[in-house]
Each structure stands twice: as structure tokens, then as C-alpha cells.
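Scroll down for the structure; my scribbles are underneath it.
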Amino acid sequence: MSKTLSLILLSVVLIAAVNGLAIGIAKAGSLSNASEYIIYFKDRSELSQISLQCMVESIFWNIGAALALCNQGSAEALRNMGFAVYPNSNVSIHSTLSSLRIVGDVKRVYQEQTGFGNISSAWSWAISRVGADIAWRFFNALGYNVTIAILDTGIDPTHPLIAGKLVGWIEFDRKGKPVCSDPHDTYGHGTWVASIAAGGDGERYVFGVAPEARIISALVLPAGSGTDAQVLAGLDWVLKPYDCMGRPLDVGRVNVVSMSFGAPGNYSNVFLPAIEKLIENGIVAVAAIGNEGPYTSSNPGNIWGVIGVGATDFNDETTWFSSYEYVEWPDPPATWPFEGEYPKTYEKPDVVAPGTDVPGAFPGGLIAIGSGTSASTPIVAGIAGIVSSILYSKGLRGPQLVMQVYNILTSSTDPVSSPGAGKGLVNMFKAVAKALEYQIYSLKIGVYPYETPISPLSRVAARISGLYEETQLSIYVAGAEVYRGVYTPGSIIEFVVPPTHVEGNEVIVAGIEESHVYYGKTLIYINPAIYLPIKNASRIANISSGAVLDIGVGGVGIGDLIAIYIGDSIAGLDTAGLRGWMHANLIVPYVERGDWYNITVYDYSNPSIVLSHPLYISKPVMAKEVEVINRTYIVNNTIVNEHRLYTLLPLLVNTKSYYVAGEEGYIEISSPINISVDRVEIVAKPSNAIDVRILNISKPYANVYRVWIEPIPKTAFTSAEAIATIYIRVNGTEVRYITTLSILSQKPEEEMAKMVGSMVDAVTRNMTIIETSLENRLNSIAAEIESIRGVESKVEGAINNISALNQTIHSYYKDMSGKVDTISKGLMASIALAVTAIALAVIAIVRRGR
């Protein structure tokens, strides 16, 4: 019995295998023109139904979705069976990022000097505009116990602004499959937005709204673009983070997911089930609304229940690129966890945040400035994460938690007068106060300048209204606390405007008591200005040739390219810092007689900004008359000393076109004014390429120096570059001149001769090889021709044999046809006789019966 059963089971298995192979072959044939679809399922039985129609490529278990390869008929059949089926489309950061440019490294940004108190130069205006820095001081709300998920182009975890904050990483390919890789950024965008959410330390480096938050990062947009499957894989991962091997990650409770990307003009339900799962699990979804301008929006930022974010500028107005519209959702789901239903029409964006020239981290330790709703989104995400953490500690969970975060953020905004702002400009100070259940008392603050227009370092007066008793208050301007003390109602407070950028800057008054907080805000509009040392009451700057001119330019754009001219000659070229401030020490050029010059400042990033100030340059006092022999001077524009630009030093530095290993060489330095060369440092790039040493520094003539270089050993190198830093002293001030040296292992003509010889040898060898190969090939072709002739003979014989066989078969067929005919006739006769015999037998039986 068991043997029989085994045979039956084996037969069933074989039949199933054959049928499965047949189905697989049929499916493969039917998928030759197939497309990828996102298909949602409820359980494994439904997944089995999908696999019968399509080839399943990826499964996202936490959200109940699969990526499958289906032909159009199969996709339509699944829709008719009640499955939610969507094409696997593309999403991109390019619809949310308007611009991104690098302005320097972290160290340079931090060391920029403003000369104003103890304020940080490594500062983002967006942080102060939304009141994040004030919330840090009053509530210590820096993002402790907050985890922010960033779905983007990756992340540079070594960047100083976010080092040590990454606790979870995953990369997904275009089909949503995990890829094992170390954290990296494929575009720079992901590092930038992550730092806007959680970068810096809140003191020296003021960049992220939640600087103490943890970050988890999913690379779903390689080089800035990805598929719906990659995004869904990222959302699925946010629900239960794991590494590329599937092992769970301990990242704490994920509070919020930030998505600075979108598909413009897209109203598909493809992300709805995933967003629904996030809401049910108490995770706030924040997404960019897009940069396509009015009357459109981007998915997923336009989904009901996702906090869609638009962008504002320095003047708290919506930017020209920020999208907004009344969304008409074509296919709302019947049930929805956010607010109990999914409305047919609603307004987007929900809120706005700063999105113009927002600074942040860029891979490689750099700082970049960017614009777009991409920048606005992580600001809101960071605030939402902090508010979510507070509410979670109070016992809120699931959809109730998400809805309360939304209600607090949208009810604590600052008003925006321009269209497309949703509920208004987010305000972290007021949002955190609401979450902590403080009452908010609104104040008004008026600012009155002593002179107009207002520029950095201007002295202004302020009056606060809305108070009826003495109250401890602080006043902040552009992130700098300019006043702290007990304010008496009706009194006037004076303060100095700190160095800050052009256009609108916030002035905020805030205070806190046991059960309530005070808050008021206004904007002042900053104009650019030039700052010079003033010698007399006529405000005319006077300086002598060769002296160091200390100059400041303030109130320009963040990261703007600034040029400083003295007369018609360019004296300095550099970018403004993150506070719209540039400080430089310039060497005043040599003049033969005292005269008036204009110092002119041009903002090449904003051509409307042009500043000018008179400057009297006097002839330097010399011990004896100097005969001017040559009026031609070499002007150097790149002398840098601790990030200050020194230019227009009349200096001639002669270097060779190249220095050859094994030979002596020198650098010659000369100037018409008194200089001294203190020392020279030469560093090869890379440092392990060669060893370059200084032999000595000689002075063959007055104000002429020669820096002699030791013969460089002929090691295993072809060419290298070296950077020579020459330390020059002018009027007691040390400045640096930097130049590059090209070093070759041999003279170019010798190298060229060797190269030509090598090429001739190579050509000779190759010709020999080609001739031998060609000869062998010709012999092979001849042999193949002979072989083909033999084959022809064989084919001809085979044709004759086939012809003879055909005749034999024909004869055999005739013979067999005759035999078959005879047999058929005999068989028919036999059958007829048998039938007759049977009939006769029946008749006989009938008769016998009678």
C-alpha cells in the first residue's frame, strides 16, 4: 500500500513540476513586453494569486506590497479581482531642489570674523527664523530621544555637523531590494537635508533644528532619482529598521520620516497604504510640496495626513517656486486613519518654512547653500519629531499622536501674507510651548532706527507692547541675544544690530514664567554697508601705502561673491559668510604720491548691490629718494593669512615652468618696497610622492630674495606638484604667498624622446605580430576552403543518396498501397461474411424457439 501511495505521490509531484515548468515557460513568454507594478495584498493567499499572474520581484511585508513584473492583461486581471495595482513610476529631488552651491568648509565658516560679541558665524538664518534657538534655551528642546528618518540620496556620516548621529543605514536598489554598503551619499542632497534637521551642536555650529536627535538614513534616490519601489522599501524599513542582512536595528522609536522629493502633478494612491501604516504606528510623515510654482503639488507631499511643506524667503513670503493648490484627489480611500476620513478636496501645503539660501552640510566636510522645498521639509520634520516625542511621553499613540502633532504645528504658526502658505510659517518656540501645555501670551515689538536705512552695527530702539507689569524678557536679532533683563512697560530699549544678511531679519522678544510664555516677532530690513577705519569727523578714511587696511562688508547675501576694488584695481575677491558678512585685511598698494581713491564693493551674486567709500592713500615715508626704474608691477590676488585676503602687494615671484629631479633650482622674490622673506615651506602633493627641501635663502640684491631648492632625489615618480608657502613680512605684518611648483623626474624633451622610442619599438613589435597573425590566418582560410570543397562533395553524394532513397520509398509506398488495398478488401469481405453468419445464426435461434 505504501509503495502504491509513494508512486501516486511521485506522479503528482512530477505532474506538478511539469505543469509548473509549463506555466513558468508560458509566463516568461508572456512577460517579454511586461512592465513593473506595485501591487498591494492583505495576506499570503493574495500574494499567491499575484504570483500566478505576474513575476514577483520584491515584497514589502510591513506595508503589504509587492513589486511584480506583469503584462498589461495580467495587471488588469488583478485589478478586476480587487487588487490595488499601480505602475512603478519615478520620483526625484529635482522637483524640490532649486539650487545647491558650496561656499567653503566647516572650519572656514566657523572662523569667519564679525567683530560682534560672541555670536557664531557658523549659523543658519532658518534656525532663528523658526525660533528653534529660543526653544533650545527656554525648554532645552534640542531633540533628545528623537529619531528622524531621512529617505534621500544617502548620507556622509563623517561630516563634522552630523558625525556620531547616524544610528541606522540601508540602501535599496531600483527594485527595492537591500544592498549591503557602507553609508555614503550619491549626490550630496541627503547629507544637506539631514544636517538641516539635526546638524551641529546648537552652540558653535547652529544648523539643525534638533541637534541632539538621532538619524536613520535610507538611500532610495541614487544620484537624486528613484522608483516608487525604492521609496516604498524605505517606508517599509522605517516601520521596522533592519540592516542589509535582515537583522533588526536598535534605533529607538522613529518619530518622523522626512522626504525632500516628489513627483509633481501626481495624485496616485501608490503611497497611500504605506502612509496609512505610518499613521497607524504613530510616525509623522513630512514631505516637500514641490518647486513647480502655483496650482500644482508633488506626491507624497500632497497626500492627506502627510505634512506637506512649502518654502519662504528672507521676508517671510512664499518663494516664487513653492507649489500650492487646492488638491482634488481623484480616488480617496473609503477609510483613513488621519482625521477619520480622506476628503475629496483640501489645501496644500499644510505649512511653510524657510527655503531660500539655507546652509547645511555637504560631503567632504563642506558647507553648501541651497534653496527649495527640499530645505523647508527637514526643518518641519525636526520640529515635528520634537513635538512628537513630548506628546509620546504624555501617553499619545498611533493616529491620535500624529493628528495632535499636526494640530499643534498648524495652530502655532506665524502668519504669512502671501498666497500658498497653508496654515503659516512654522514656529518651534510656540509649538514646543503648546506641546508642554504653556499658555502663549502674544506681544508686539516695534523697532525704530536712529538712522536709515538699517545696516549691520546700526543702533536702534525698541518698544514692547502687550505687557502690564515688569517682566523678565530677552530680545533676539538674527539669532543673537541683544538684550536680557526686566522690561518695564512703555520703556525704550536700545541695542546694536549684529552682523547679518540683506533683506528681512527677525527681531523676537520672548520670556517664560511658571505656566505661560511671552512671544512677539517683527522683521527689520537690512541694507548693505562698507566699514573702514575712520580717521576724523568727516568720515574719510586715510591710510598710507603698504599699510594693512582693515575692511568689512556687511548686509550682503549669504555666500555672495564679493569683489573689492581700490581705484580701478581689484584688491579682494571672496565669498561672504553665512551672516552676509565679509572681513578682509588688504595691503594698500604703493603710490608715488598721495591721492584720493574710491573703495568700491561689487556683489557679483546680486548686481544691484554696489557700495563705495573715499580713501586717501598717502605716499610712504622713505629714508632716501627712490628712483623708479620700472613702472610695471606684478599684482598678486591670492595672498591669504588665516582666511583674510591680502592683495595688491607689489610683488614679483618668478618660478620655473618645471623643476627637474637631480638639479638645483630656485624661486626668486622681489618687490619695490621693503620686504623680508622669513621662511618658505614646500609640501608635495601627495605628501608621500617626493621630498622637497630648502637649501637656503639668499639675498643677491636689495629687496630680491632667492629660495634655493635642494636637488630632488630621482625616485620612482614621473611628475608631482608641490605647494610653496612663502612667509613675507611687510611693515611688521606677516603675510603668506602661495604658489605651486611642477616637478618632473626628467626634462620633457628627454621624456618625449624616450616616449617616441618606446612608441617606435611598440609599433615594430605590433607589426611583426600582425604579420605573423595575418599569415597564420591566411593559411587557416586556405585550409577551410579545402575543407569546404570536401564538404561539397559529401553533400553532393548525400543528395544523390537521398534521391535514390526517395525512389525506393516511392516504390515501397506503391507496393504497400496495393497490399493495404488487398487487405482492406479481404477484411471487408471477412466482416461481411461474419455479419452474415451472425444474422443466419440469429434466424436459426428464432426458428428453433418457435
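The values are calculated or read from the model by the stated rules, or taken from the named source; none is laboratory data. Just so it is clear, the model here is predicted, and its values are computed rather than measured. Here the Cβ positions follow ideal geometry from the backbone for every residue, glycine too, while neighbour counts run over all protein chains shown. We work out accessible area using only protein heavy atoms, side chains counted, and drop any ligands, DNA or RNA first. Shrake-Rupley method; radii C 1.70, N 1.55, O 1.52, S 1.80 Å.
Can you list residues from other chains, or at least 5 along the same chain, whose modelled amide H is less than 5 Å from the amide H of Ile526?
Amide H neighbours of Ile526, under 5 Å, 5+ apart: Glu503, Gly504, Asn505.
Rank by packing, highest mean first: peptides 57-69, 576-588, with packing defined as the count of other Cβ atoms within 10 Å averaged across residues.
Packing proxy ranking, top to bottom: 576-588, 57-69.
Heavy atoms only, probe 1.4 Å: what % of the accessible area of the range 233-344 goes to carbon and sulfur, would you let me know? Don't skip to the answer; put the middle values down first.
On the way: 1950 of 3900 Å².
The nonpolar share, carbon plus sulfur, comes to 50 percent.
Pairs Lys107/Lys165; Lys423/Lys444; Lys175/Lys240; Lys348/Lys430; Lys42/Lys348; Lys348/Lys434: which are spaced more than 26 Å apart, C-alpha to C-alpha?
Numbers: Lys107/Lys165 20 Å; Lys423/Lys444 21 Å; Lys175/Lys240 19 Å; Lys348/Lys430 22 Å; Lys42/Lys348 31 Å; Lys348/Lys434 23 Å.
From the list (Lys107/Lys165; Lys423/Lys444; Lys175/Lys240; Lys348/Lys430; Lys42/Lys348; Lys348/Lys434), the Cα-Cα distance tops 26 Å for Lys42/Lys348.
Can you work out the Karplus-derived ³J(HN,Hα) for every residue in the range 161-170? Use 6.51 cos²θ - 1.76 cosθ + 1.60 with θ = phi - 60°, whole Hz, and x for glycine or proline.
With the stated coefficients, the range 161-170 comes to 6, 10, 4, x, 9, 7, 10, x, 9, 7 Hz.
All other residues with a Cβ under 13 Å from the Cβ of Val91 taken together, and with Lys, Arg as +1 and Asp, Glu as -1, what is their net charge? Mind dumping the intermediate values first?
Details: positive: Arg174; negative: Asp152, Asp228.
For residues surrounding Val91, the net value is -1.
Multiplying the sequence separation of Val167 and Leu652 by 0.36 nm and subtracting their Cα-Cα distance, what value in nm do you get?
Numbers: separation 485, 0.36 × 485 = 174.60 nm, distance 5.40 nm.
Residue separation times 0.36 nm, minus the Cα-Cα distance, leaves 169.2 nm.
Under the 0.36 nm per residue contour assumption, what length would be gained going from the current alpha-carbon distance of Ser676 and Asn118 to full extension? All intermediate terms of the calculation are to be shown ahead of the outcome.
Values: separation 558, 0.36 × 558 = 200.88 nm, distance 3.59 nm.
Working it through step by step, the gained length comes to 197.3 nm.
Once the dipole of the range 141-286 is set up with Lys and Arg at +1 and Asp and Glu at -1 on Cβ about the Cα centre, which of His159, Ala233, Gly199 lies farthest towards its positive end?
Ala233
Evaluate the distance, in nm, between pseudo-label points positioned 7 Å from the Cα of Glu347 and of Ser515 along their respective Cα→Cβ axes.
That separation, rounded to one decimal, is 3.3 nm.
Quick one: grab the alpha carbon gyration tensor of the range 388-439, order the square roots of its eigenvalues as a ≥ b ≥ c, and give me rounded if a/c is under 1.5, else prolate or oblate depending on whether a/b is larger than b/c.
Details: a/c = 3.69, a/b = 1.78, b/c = 2.07.
Taking the square roots of the gyration eigenvalues as a ≥ b ≥ c, the range 388-439 is oblate.
Go ahead and run the numbers for FRET between Glu494 and Arg79, Cβ-Cβ distance against an R0 of 56 Å, rounding to 0.05. Intermediate values should be presented prior to the final figure.
On the way: r = 71 Å, r/R0 = 1.26.
Result of the calculation: an efficiency of 0.20.
Ranked from highest to lowest mean number of other Cβ atoms within 10 Å per residue, what is the order of the peptides 232-244, 123-135?
Values: 232-244: 21.5, 123-135: 27.0.
Put in order of decreasing packing, that is 123-135, 232-244.
Of all beta bridges DSSP finds with both residues in the range 182-306, what is the antiparallel percent, to the nearest 5? List each step's numbers first, then the result.
Details: 4 of 8 bridges.
Restricted to the range 182-306, the bridges split so that about 50 percent are antiparallel.
What is the extension gain from Arg44 to Ser417, computed as 0.36 nm multiplied by their sequence separation minus the C-alpha to C-alpha distance, in nm to one decimal? Before the final figure, lay out the partial values.
Details: separation 373, 0.36 × 373 = 134.28 nm, distance 5.21 nm.
Value of the extension gain: 129.1 nm.
Which FRET efficiency value, to the nearest 0.05, is calculated for Thr186 and Glu668 with the Förster distance at 56 angstrom and r the Cβ-Cβ distance?
Values: r = 47 Å, r/R0 = 0.85.
Efficiency computed from Cβ-Cβ geometry: 0.75.
Kindly rank 371-377, 391-397, 611-617 from highest to lowest mean number of other beta carbons found within 10 Å of each residue.
Numbers: 371-377: 30.6, 391-397: 13.7, 611-617: 17.4.
So the order, starting with the most tightly packed, is 371-377, 611-617, 391-397.
Quick one: net charge of Leu409's neighbours, Cβ under 13 Å, K/R +1, D/E -1?
Working: positive: Lys423, Lys430, Lys434; negative: Asp350, Asp414.
That works out to +1.
Ignoring any ligand, DNA or RNA, what whole percent of the accessible area of the range 456-609 comes from carbon and sulfur when the probe is 1.4 angstrom?
Details: 2790 of 5880 Å².
Here it works out to 47 percent.
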